[in-house]
Amino acid sequence: TAKQTIIDIVMEEEQSFASMLDRGIQYFETNLANNKGAVSGEEAFYLYDTLGFPIDLTALMAEEAGLTLDSAGFEQEMEAQRLRSRAARNAAKLDKLGSGAVRLELVAEQTAYLANEGIAVTNDDSKYSVGVVYDEEDDDVNVSSDIVAIYTYEKGFVDSIDCIDDNDDDKKQQQYSYCGIILKSTSFYAEAGGQEADVGTLLLNDGEAAFEVSDVQSYGGYILHSGTIMKGLKLSVGDRIRCKVNKDRRSKIAPNHTMTHVLNAALRKTLAESNSNVEQRGSLCNDEKLRFDFSHKKALSLKELQQVEAYVNDVINDNLEVTNQILPLEEAQALPGVVAVFGEVYPDPVRVVSVSDEVSIEFCGGTHLSNTKEAGAFVLVEETAVAKGIRRITGVTGEIALEAQHRGLEMKQMFGNANKNVNLAELRKELDAAFISTPLKIELRSQLEVLQKKAAEKNKAALNQRIQSVIADLTASLKEKEKQKQKEQEIIVQTVDIGADGKASNKVLDALRKVAPNTAFLGISEEEVGSGGKVLCFAVVPQVMIDDNGMNASDWINETLKVIGGRGGGRPANAQGQAPQCTSEDVALLVQAANAYASEKLGGVVSTM
């Protein structure tokens, strides 16, 4: 019930806060209480940033301990952290843009300058009309506009900028020509609502490409098109240009955004019984994927993941119309079933996007499909936690989704045809690397576990059979030798086939002790005969040989294995060790080394079986 959900959330928050307090108090008492005079800004910041300890509590504890708090130092640390965060965001953005330049941003000072200059905010109404023919000669071009401002990192606002410098350094040229352009009107979509910005080109009137747009951001209504001027060209305030949005990229973003709305509806429907308060906590829509963060306390079950994925695909296959309308905010908020993001401030009037009236109605300024069938398919490729009480689903649509579905069918067939000869380790690697549906991957992992269990049982039975065969052969041979030599001391070096299994070797040695307690034995067993993989050496030495001849099982193993780079350990009476690789030639070297050690200690003939 909703009441119980509230109780659970409050209790969790109380427990979390209490745990945070305990960590902070313990750190303060252990590291700071004995400080001389003051708690530094750096220490206070560590408490706040790393341990989550409120600064006002640090100040209170400092006062109680007779210390002062370096508040100015704390604020310096906070500002440094803000700068680091901003730099990290910029770096991530520039990695995507590939510009090698400082990301341009307009703050209040710049937007106030534009307003004071009488420059109106950018009209971007036509951003929803990409694909509609505005120009008979080029249907990719849908807005003609004027440059009203040019902004650079080095000089701020300038009247013109060019890329006619004689500098041959392409990187410096790129940085020199990187700037931001504000237009009177634009068809480019500025990053907002989780949807990434458009990219494209600004053209001169003669159709020549003049400016490569790599990022579009809105600052106080002024839309800044950041990018690079084409080499050999110059742009000035007042120039007439035409917008050419990359339609191919936009056409891949639209289905991801629309299906984000459908995914939201799918989660609300699927988790209605366990979580009646599923809320959006963030999103990302680009040309490769969609990502949706939502409030939920635990991972979705396999059944829930299957239901969510199936719901979205059902909506796609139902060919539902996607519509939008601009409504007064109060009227939009009264729509039955309307969904808004918690904490978001919406304009009045507000744009409402609907996927039929029964699936989804949301406030949204993004670009969308006109019909769900245009998404082609949806594949849920990841479900994970991003924070306490926040889960994240990543999905794909269109061609990427269809490829993932096709690969998923191939993997299902592969698992269906898996036989006793299949390499399960390689199959697991292939499954882990496969870009397929997460629910399907979970199913196939379950199937793999069953296959591995069966294979383990079969291998165990086969190993036991090999162990018994080795024991039987050894017993028969030793009994025969014992009759002939009348129980004289015996040394045996023998290759056996029990894999590189330490437990299996112990069974062989236990049996050997019972049959021939006075025999020293060293066994050599490859992980898989002829595979070149690991090799196991194991040995037993009777007490009489330890006392009379100084023979030591641990030394025997190490002297044997060192010839191929292996090593082992144990006690004088029994030991074992391994080498990571072993060829047939290496096996011969091991036998030779084992014989040499035994002969040196006992001066006798070693029996190789």
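The values are calculated or read from the model by the stated rules, or taken from the named source; none is laboratory data. Just so you know, these numbers come straight off a predicted model, no measurement behind them. So basically every Cβ, Gly included, is an ideal-geometry build from the backbone, and we count neighbours across all protein chains shown.
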Identify all residues within the stretch 391-427 that are in a loop (DSSP other than H, G, I, E, B) and either among the basic types (Lys, Arg) or in the same structural domain as residue 257 (by TED's automatic domain parsing) (or both); write none if there are none.
420
Could you check the stretch 384-406 and list, in sequence order, the residues that are buried (at least 21 other Cβ atoms within 10 Å of the Cβ) and within 17 Å of residue 442 (Cα to Cα)?
393, 395, 404
The one condition residue 429 fails out of (1) surrounded by 15 or more Cβ atoms within 10 Å (Cβ to Cβ); (2) basic (Lys, Arg); (3) under 15 Å from residue 448 (Cα atoms) is (1)
Inspect the stretch 155-170 for any residue being at pLDDT below 90, touching a strand residue (DSSP E or B) at 6+ places or on another chain (Cβ under 9 Å) and among the aromatic types (Phe, Trp, Tyr) and give the result as yes or no.
no
Just wondering, is there one or more residues in the stretch 526-534 that are of a type in the set (A, V, I, L, M, F, W, C), closer than 23 Å to residue 461 by Cβ, surrounded by fewer than 18 Cβ atoms within 10 Å (Cβ to Cβ) and in the same structural domain as residue 475 (by TED's automatic domain parsing)?
yes
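From 395, 389, grab the single residue that is at pLDDT 95 or above, within 21 Å of residue 305 (Cβ to Cβ) and either within 19 Å of the chain's Cα centre (by Cα) or among the hydrophobic types (A, V, I, L, M, F, W, C) (or both). Give the steps one after another, and end with the answer.
Values: 389 fails: at pLDDT 95 or above.
The match here is 395.
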Can you tell which of 118, 131 is over 24 Å from residue 229 (Cα atoms), among the small types (Gly, Ala, Ser) and modelled with pLDDT under 95?
131
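Residues checked against (1) of a type in the set (Phe, Trp, Tyr); (2) outside any strand (DSSP E or B); (3) at negative phi; (4) not assigned by TED's automatic domain parsing to the domain that holds residue 370:
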| position | (1), (2), (3), (4) |
| --- | --- |
| 325 | no, no, yes, no |
| 335 | no, yes, yes, no |
| 346 | yes, yes, yes, no |
| 351 | no, no, yes, no |
Looking only at the stretch 491-512, and only at residues there that are part of a loop (DSSP other than H, G, I, E, B) and among the aliphatic types (A, V, I, L, M), the one that is farthest from residue 476 (Cα to Cα):
500
Could you tell me whether any residue of the stretch 236-259 is in a helix (DSSP H, G or I), surrounded by 20 or more Cβ atoms within 10 Å (Cβ to Cβ) and among the polar types (S, T, N, Q)?
yes
Subset of the stretch 206-222 [without any contact (Cβ under 8 Å) to a residue 40 or more places away in the chain and assigned to a loop (DSSP other than H, G, I, E, B)]
206, 208
Residues within the stretch 345-363 that are buried (at least 17 other Cβ atoms within 10 Å of the Cβ) and out of contact with any His (no Cβ under 7 Å at 6 or more places or on another chain), tallied:
7
Which residue pairs have Cβ atoms closer than 6 Å, lie 6 or more positions apart in sequence or on different chains, and pair a first residue in the stretch 58-73 that is within 14 Å of residue 48 (Cα to Cα) with a second residue that is modelled with pLDDT under 85 and charged (D, E, K, R)?
none
Only one residue in 91, 18 is at pLDDT below 80, assigned to a helix (DSSP H, G or I) and under 36 Å from the mean Cα position of the chain (by Cα). Which one?
91
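Considering each of 463, 448, 444, 440 in turn, give the residue that is touching a Gly at 6+ places or on another chain (Cβ under 8 Å), closer than 30 Å to residue 308 by Cβ and either free of Cβ contacts under 8 Å to residues at least 24 places away in the same chain or not charged (D, E, K, R) (or both).
On the way: 463 fails: closer than 30 Å to residue 308 by Cβ; 448 fails: touching a Gly at 6+ places or on another chain (Cβ under 8 Å); 444 fails: touching a Gly at 6+ places or on another chain (Cβ under 8 Å).
The match here is 440.
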Which listed residue, of 41, 52, is within 31 Å of the chain's Cα centre (by Cα) and of a type outside the set (A, V, I, L, M, F, W, C):
52
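Suppose the filter is surrounded by 13 or more Cβ atoms within 10 Å (Cβ to Cβ), more than 18 Å from the chain's Cα centre (by Cα) and of a type outside the set (Gly, Ala, Ser); does residue 369 pass it? Give the steps one after another, and end with the answer.
On the way: surrounded by 13 or more Cβ atoms within 10 Å (Cβ to Cβ): yes; more than 18 Å from the chain's Cα centre (by Cα): yes; of a type outside the set (Gly, Ala, Ser): yes.
Criteria met by residue 369.
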For the stretch 42-79, name all the residues that are farther than 26 Å from residue 16 by Cβ, touching a helix residue (DSSP H, G or I) at 6+ places or on another chain (Cβ under 9 Å) and not polar (S, T, N, Q).
67, 70, 72, 73, 75
In the stretch 21-45, what residues are modelled with pLDDT under 75 and polar (S, T, N, Q)?
34, 35
Does any residue of the stretch 295-304 turn out to be of a type in the set (S, T, N, Q) and within 21 Å of residue 127 (Cα to Cα)?
no
Failed item in (1) in contact with an Asp or Glu (Cβ under 9 Å, 6 or more places away or on another chain); (2) assigned to a helix (DSSP H, G or I); (3) closer than 25 Å to residue 289 by Cβ, with residue 435 passing the rest:
(2)
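Looking only at the stretch 543-573, count how many residues are of a type outside the set (D, E, K, R), within 18 Å of residue 590 (Cβ to Cβ) and surrounded by 17 or more Cβ atoms within 10 Å (Cβ to Cβ). Break it down into steps so the answer makes sense when it comes.
First, the residues of the stretch 543-573 that are of a type outside the set (D, E, K, R): 543-546, 549-554, 556-558, 560-561, 563-566, 568-570, 572-573.
Applying the additional criterion that residues be within 18 Å of residue 590 (Cβ to Cβ) yields 551-554, 556-558, 560-561, 563-566, 568-570.
Retained after the next criterion (residues that are surrounded by 17 or more Cβ atoms within 10 Å (Cβ to Cβ)): 551-554, 556-558, 560-561, 564, 566, 568, 570.
The qualifying residues number 13.
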For the stretch 270-282, does any single residue satisfy the condition of being under 16 Å from residue 356 (Cα atoms) and either touching a residue at least 12 places away in the same chain (Cβ under 8 Å) or not small (Gly, Ala, Ser) (or both)?
no
